[in-house]
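Let me begin by presenting the structure, written as structure tokens, before commenting on it.
Nothing in this text is a laboratory measurement; each read-out follows from the coordinates by a stated rule. Just so it is clear, the structure is predicted and the values come from calculations on it, not from any experiment. Counting neighbours? That spans all protein chains shown, and the Cβs are built from the backbone with ideal geometry, glycine included.
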Amino acid sequence: MPMQAPVRLNYFDGRLLSAADFRAEQNYHLGKRRLINRCLHGSGIVCGLEVTADASGAAVTISPGFALDCLGREVVLPDASSFALPVGSAGVWLLLRYRETAAGTSPTTDVGTDGTASADIVEGGALEWSADDPARGHRRRRGRWLCCGQDHPLPLARLVRTQVGWSVDTRFSAFLDTSRRAAYCSA
């Protein structure tokens, strides 16, 4: 991902501000934080996001947690989630993809709308399965995954089918820094 010189708004008395200016202000801060996340921390699980296969072999449970993707975006899974296992595969990757979702409405006077617009954007994550590891070719340096700067989901775990059901492959670790692994996140 190419670096760009940060540009921020210059405030002064009497300046007229629009929604585009406020979006630019948010993008400035998001861009700086994501650059720091990519370059300083790398990608991977920061805390939580423990994956366990249930006894029935039909689903996995993912604990709440926090991760950084290869664009430096913060991916939060606030609640434990259960996710059905795919049928007919020998091995699969459980992935977490960054997702923004519009939430709430607010009145607007913008022409061409129904009088309302999305009031908030919720930043979170979505779980999905893949037969292939999207992070294949990524390198580790000093215990952390290096960011590639590409938009792809983050692998949480590799699951393999055994004679008794599904099992989490313990040879794979998506933790950002295994020397400082935190089992849970505290508020």
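Counting only DSSP H runs of at least 4 residues, each contributing -39500 (n - 2.57), and dividing by the residue count of the chain, the helix-based mean residue ellipticity at 222 nm comes to -3500 deg cm²/dmol.
Extension gain, T105-Q26: 0.36 nm per intervening residue step, less the Cα-Cα distance, totals 26.5 nm. Karplus-derived 3J(HN,Hα) values for the stretch 41-52, using 6.51 cos²θ - 1.76 cosθ + 1.60 with θ = phi - 60°, are 9, x, 10, x, 6, 8, 7, x, 6, 6, 10, 10 Hz; glycine and proline are entered as x. As a proxy for reagent exposure, ranking L85, L96 by other Cβ atoms within 10 Å from fewest up yields L85, L96.
Based on Cα contacts under 8 Å between residues 6+ apart, the stretch 19-178 shows a relative contact order of 26 percent. Under 5 Å from the amide H of L49 lie the amide H atoms of S63, G65, F66, each residue being 5 or more positions distant or on a separate chain, with H modelled from the backbone and absent for Pro and chain starts. If one takes the longest principal axis of the Cα atoms in the chain, at what angle in degrees, from 0 to 90 and to the nearest 10, does the Cα axis of helix 19-36 lie? Between helix and principal axis, roughly 40 degrees.
Between D13 and T116, full extension at 0.36 nm per residue minus the direct alpha carbon distance yields a gain of 34.1 nm.
Going by neighbour counts of Cβ atoms within 10 Å, the residues F172, F66 line up, fewest first, as F172, F66. Listed peptides 27-34, 147-154 appear in the order 147-154, 27-34 once ranked by packing, highest mean of other Cβ atoms within 10 Å at the front.
Can you give me the Cα centroid spacing of the stretch 56-75 and the stretch 110-156 in angstrom? If you average the Cα positions of each part, the centres end up 11 Å apart.
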